[in-house]
1. Can you find, within region A:696-712, the residue that is farthest from A:Ile204 (Cα to Cα) among those that are buried (at least 19 other Cβ atoms within 10 Å of the Cβ) and in contact with a Lys or Arg (Cβ under 7 Å, 6 or more places away or on another chain)?
2. As an exercise: evaluate B:Thr209 against (1) crowded, with 19+ Cβ neighbours inside 10 Å; (2) under 30 Å from B:Val363 (Cβ atoms); (3) within 14 Å of chain A (Cβ to nearest Cβ) and give the number of the one condition it does not meet.
3. Does A:Pro846 fit the bill of being without any contact (Cβ under 8 Å) to a residue 12 or more places away in the chain and at the interface with chain B (Cβ under 10 Å from one of its Cβ atoms)?
4. Given the conditions (1) within 7 Å of another protein chain (Cβ to nearest Cβ); (2) in contact with a Pro (Cβ under 9 Å, 6 or more places away or on another chain); (3) of a type outside the set (Asp, Glu), which single one is not true for A:Tyr660?
5. Within region A:664-677, is there a residue that is within 14 Å of another protein chain (Cβ to nearest Cβ) and out of contact with any helix residue (DSSP H, G or I) (no Cβ under 8 Å at 6 or more places or on another chain)?
6. Evaluate the following for B:Asp170: is it surrounded by fewer than 18 Cβ atoms within 10 Å (Cβ to Cβ), charged (D, E, K, R) and away from chain A (no Cβ under 11 Å)?
7. For region A:358-382: of the residues being out of contact with any Phe, Trp or Tyr (no Cβ under 8 Å at 6 or more places or on another chain) and aliphatic (A, V, I, L, M), which is farthest from A:Leu182 (Cα to Cα)?
8. Are any residues in region A:111-135 in a loop (DSSP other than H, G, I, E, B), closer than 18 Å to A:Gly235 by Cα and in contact with a strand residue (DSSP E or B) (Cβ under 7 Å, 6 or more places away or on another chain), and if so, which ones?
Amino acid sequence: QDRTITGTVGGSDGASIPGVTVLVKGTKLGTSTDADGKFSLTAPATATALVFSYVGYATQEVAIGNRTSFNVSLVTDTKSLEEVVVVGYGTQSRRDLTGNVATITGKEIATAPVQSFDQALQGRAPGVNITTPNGVLNNPPVIRIRGVNSINLSSTPLIVIDGIPTFTGNTSALGSVPNNPLSNLNPADIESMEVLKDASATAIYGSRAAGGVILVTTKKGKKGQSHVSYDTWAGWSKPVKLYDVMNAQQYVDLKNEAVRNLNANRRAIGAAATNVEGFKLADANGNAADTRWYDYIYRTGFSQSHNLNFSGGTDKTSFYSSVGYTTQKGMIVNNEFKRVSARLNVDHKVFKNFTVGMRVAYSSTMNSSPNTGSVGDNSFGSAGLGRVPILLPPNLAAYNPDGSPNVSGTSIGPGPNLNPANGLPFVIGFINPVVDIKNNKFTSDGAQIEGSVYADWELLKGLNLRTTYGVNNLSFEDKAFYTSLAGSLTPTGEADNYYRTNKRWNWQNTLQYDHTFGENHNVSLLVGNEQQNTDVQRWGASRTGVADDFFTTFQGNYTNIASSGQFQGTNYLVSFFGRVNYNYAHKYLATVNVRRDGYSAFAKKYGNFYGASLGYVVSEEEFWKKSSFGSVFSTLKLTGSYGVVGNNQGINDFVALSTYTSGLYAANPTLYYSNAGNTNLTWETSKKTDVGFAFGFLQDRLRGNFAYYENLVDGLILDVPQAPSKGIPNNSISANVGSMRNTGVEMDVSYNVFQDKAFSWTVSGNLTTLKNRVLTLATEGQRISTGTGGLEFPNYTQVGNSVGEILAVQSLGVNPDNGQRMIRKADGTVVQYNHLGTNPGSLGTPGWTTLDGKPAFAPTPLADGVYYGPVLPTWYGGFDNTFRYKNIDLGLFVQFSGGNYIYNGTKSGLHDQRFWNNEVDILDHWTDNSRTAKWPRVVYGDNVSNGSALVMSSNVEKGDFARLRQVSLGYSFGQTLLSRVNVASARLYVQVQNALLFTKYSGIDPEISTNGTSGVNAGANIGAGVDRNSVGQARTYTVGFNIGF
Amino acid sequence: CQTDKLSPVPVTLFSDKVVFDTPARVELQANGMYSYVKVGTFLGGRFQIFNDIRAEEFLNRASNLVTGTAVWNHTLYEGSQNDVINTWGAGYAAINQINVFLTGLDANAAKFVPPIFPADYANKVKNYRGEAQFLRALCYYSLLQLYARPYADGNGGKLGLPLRLRGEVDDTGNDLARSSVAEVYTQILTDLDAAEGNLPLTNGASLFTNTTRAHRNTAIALKTRVYLSMGRYADVIREANKLVPATAPFVASSGVANGLNSSVVTVFTQENTESILSSPFTTADGPGTQNQLAYYYLPPGSTNGVPNGGNGEYGLNTAAGGILASPAFAATDARRTNFVQVVGGESFLKKYPNGSNTSTPYVDKAPIIRYAEVMLNLAEARVRSTNSVDPQALLLLNAVRTRSNPTGAYTTFASAADMLTAMLLERRIEFLGEGLRNIDIMRLLVPIPGKGSVSAVNPTDLLYVWPIPASELSTNKLMVRN
């Protein structure tokens, strides 16, 4: 027989709590408390107990017995406060933490259709800025914690997987196909990721911590639970946006108009005007084409992923094991990623006080990508598939009428076009992409075994001696094959193979002592030693002159072979470190970390690093707890830290030595001076200051953190430029000279807006600001330029500015009188450019005049350029909304960033007046009849007015954007149904990755970073904000299913 | 802690302390100097290309700034990377390798004793020193042709180059002012005179070694070019006479038997004694991407399904003003029938036949100086110094000319001026695509002719010579722009 049960729910302070879920145990029957904390429900006679649950409070179970009325008092859930945070060489309770550590759970990224977990961290944590530089699969993202923290060394954080530092960054020997060592870790195996940001948190990693540290912890089995789960998803990827380029008719009309204008220019100065209007729609045989080259290059790529894991545990042993398989095809033809992975994590208690365990994972990856010109230093390459479809004339056909590719030698065939210079068939010297796509192949196949074994002996209660030995062995086999067929750039064919091994061992010994003295003096001590040795080798060769088209691999027969890509390096790090954590009654907190590191690459080997922090949990004070606001303002913790950490990440193993290298003079070996060493070279240091507070309101329904940070990077290792006339190798000597500062604030908030049995809504968000300033460089007034593809230099780093700001001449637009591009020079004079239209003699540069027609010298960025603000976002963050209604959940995740400038070099190429195709907005160009136009008068061959030959402000744009990075809609199957089939949980979801993009940026994608594709080089640090012919990110639709037993 | 691991010794790099420890390593370093001079961005390709495409014989087809379009149409500026900055950098990188080697020879003299070194090693050191001096002179001379006003403009009084003569291995001595053009030429001649004394008469019997390593005749040959550039004709004659006999056969009487080859074609396809110095390449040691002569000049596309092997960056200028249109260049001339290829109505230079379609792509030697030039240098100097239709000069001119055009011998000339015109035409025909055109324009201080839609550049124009690169201006406080 049913009975009605009523009651009131309040907190330990006596105040009533609305919205508490009240369930009859073992059923779906239930309700939630009203605004006064009252509830009423009808329970069957069989009901034995009620379960009260609410966020921030411990779930309470109350036996019903014979009672019908209940007055329940919920206690604050100390578990959420006792959340354990992984820190260097240990763990700590978040409540006692004084360092700045952000945690991202594995769950948050588990369903993202990515290749490596780091790609999914975008916008997830304050202080962490992640850029996806292009849309090629498995290109490592650019990760910056609190800004760029080096110029020549790596600014990538140290990534530590289960205690063992791992390899990061693209190491592919091929410029077309990237690899990312982090993609060897199956994201589904990750339990949590902690981002260590300030000196207190990072100092324990001493010399490797300047760029921050990300600790990745993989899953382990839990005692008493046997668990099997299977997660899968399938996805479809497409380009989000492509350029709208001219069709054949528009192309022919525009280019002939440009030739006409060129002849007019020549005639005006009395020169021969014999250029031919040779652009035609059809050839002599009437063959015409209107080719959309994108159609040959983009596709809908299909991906799938499967993960199966088993875990469980007894009193003595717990284990987690998994296998994973994913195969992902990108939106670009031939772009593919595959991974097969397996993991076994075991912990076993041998004796009461002696535990051993292991973490071991094996994975095999395959990366395949065509040459997109987006990955390596190939942004201007004539075979880059990012550039080719926007540049190739649309009136050329991909195939001849007989079905063969339209080619002439190495180039695409002339089609109907005649060269304006001489009226002969116009072979343009760019590839026909269909030949490349069909026959050429670029792959990077990886294999990795990484893991560790440990033994932990509890000598006394609270005193643990632990030793951990880890290995990380990684190999990549990089292969390229270029066909000898016509239309390829290599008429004789070529195959290049490279094999790389990274071998690392790491041995850590720590002694940890935790003890509470008296009642309130909690002390934790750690001392330790770590050694790490890394050997990297690569060897390879390039074979040319394929014996027959039959061969498509390196092992076939070729007439020539040349050594290629040889590398052999080694480095060793030895460290001694210690940490003291002290707190009084979890109220007054203090932490001190010290570390001494010796590193092989430096001339002065050793460096000392430290970090210290204090914390004060105000809300633990009795006065606070008793105060009227204490019940609302439930948590307040103040923290502050300062310390000095170092950087050796990415430094060349032998940079401090003066060395000679052996090469070739034709068939004879040589020996030449190759590096000017520096016997004073030592660590870069980063002085980090952090002050902040953590707060919680309404029993921590609203929680958040705020911090102000300052990183002062000192002793930056810069390539001190030497006058090129000195002829020093690389024109530079490395020295500890520069300094730079990053400051900003970061905050995050999570709010449980609403929660009842049927509906809940949580919001969380984070925001970071960044101000980067270069304080000193190697020499007074130095400007360090960064090249894009070695050809264009838009980025300059100068004291007083943010790193790598865009330096461009100031364009004043189009002169309405004559259609010429106007540029303001440094002295204030305005000059204009008329291609091949003036003979200035000794008074200027051809084409350039003042507005009144007098010869003028060409403006140059170095003399006349203006800086256009930072290329690093000055604000960025993420905003996550999760809704649940009954069994349905909806997630909306927005990532945003801005305050930065982008040099849109692609845009200059898209308006170049050589034979290149143009974006359709070129139709809005100056003519006699249309004098207020967006683009200058078109003159054939003009590559100046559009910016190809001169970095100009009309191609500099703001990079603000907000992206709906992930939308997901899920359905969780009901418990009743599931328990009937012995299933613990099941969820079906659909998801869109990169669903919407809000930006005023005119290019494909404001995140494109053509120079930001390598983890370790100056280009990645001080060459950001350049968009040059790279492919943008894809939009991916996925359907997924998770089931657990 | 394993302290030895903190100071690992690289296994692929040599410490600077050990590179003079054995005769073999010193020999490797000698090769190292040459490898720097002959890089594709300097005298292995681009230097020759830039000196040709500045002038009127070639038409740019690819509009590619990477392959010299701005050199061709005179739109270079201080920041131009692939030409202005890179050529300067490559030239001075070679100079410093040479200087470091010379410094090392002195600093390590105590090591050059038995038993590791042979007893007569001092003589070998003398030869090495001669090679270094020769190469340094060649580098400075080459850089002068692009970055400084010609000697003829004010007798060398204009700004030349910073003269770097010591091995640079540290961060001192960064700032150095430009010496005058005359001062740089003086240093070049000092080096060449010293080299003549130090170099061996021959480098053994190998033709390959004698065209890729300097010997006494190499230094003498370069001196004829240097003196010609300075307008010191009597000195040209004095030096050239050391190599060129008064009458045929034209073969040097001492040292390597450098002489006029019977066929102009095989000068570029076989080992020969006419090539006095060339930059050699192998498939394992190529000129590098977009530096190869064949890549620039061979036609693109294919003929009868066989790729033509080049990228056709530059075609030959067939319009009036180009040498192909000159009546002096006969249709039957071996230099036209062998070296000019017409594809689709366009003419291309085929002097460097190993294009990308051959089994050994881009291994053509890049010519630096050959015997025919010494002959024509001598001939021109004789005419200019005597201002007459010099009979020996006529003999020399006809020797070069009739080798390729047997019926084209000049009988005589109405005036010395006519003869000089014919000689300059002959140089354009003979050395087409070998990097001498700009040098010949500069030494005579005449306009750089226009071509296509590109106007001529007058000697008074700013861009008559290249700008000093921004990379130097921004790091060397004493540097002065052009």
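The values are calculated or read from the model by the stated rules, or taken from the named source; none is laboratory data. As the structure is a computational prediction, the values presented were derived from the model and not from experiment. When we count neighbours, we look across all protein chains shown, and the Cβ atoms used for this are built from the backbone with ideal geometry, even at glycine.
1. Residue satisfying both the conditions and the ranking: A:Gly696.
2. Evaluating B:Thr209 over (1) crowded, with 19+ Cβ neighbours inside 10 Å; (2) under 30 Å from B:Val363 (Cβ atoms); (3) within 14 Å of chain A (Cβ to nearest Cβ) leaves (1) as the failure.
3. So A:Pro846 passes the test.
4. (2)
5. Yes, region A:664-677 contains a residue that is within 14 Å of another protein chain (Cβ to nearest Cβ) and out of contact with any helix residue (DSSP H, G or I) (no Cβ under 8 Å at 6 or more places or on another chain).
6. No: the conditions fail for B:Asp170.
7. Residue satisfying both the conditions and the ranking: A:Val375.
8. Hits for region A:111-135 are A:Thr111, A:Ala112, A:Pro113, A:Gln115, A:Gly135.
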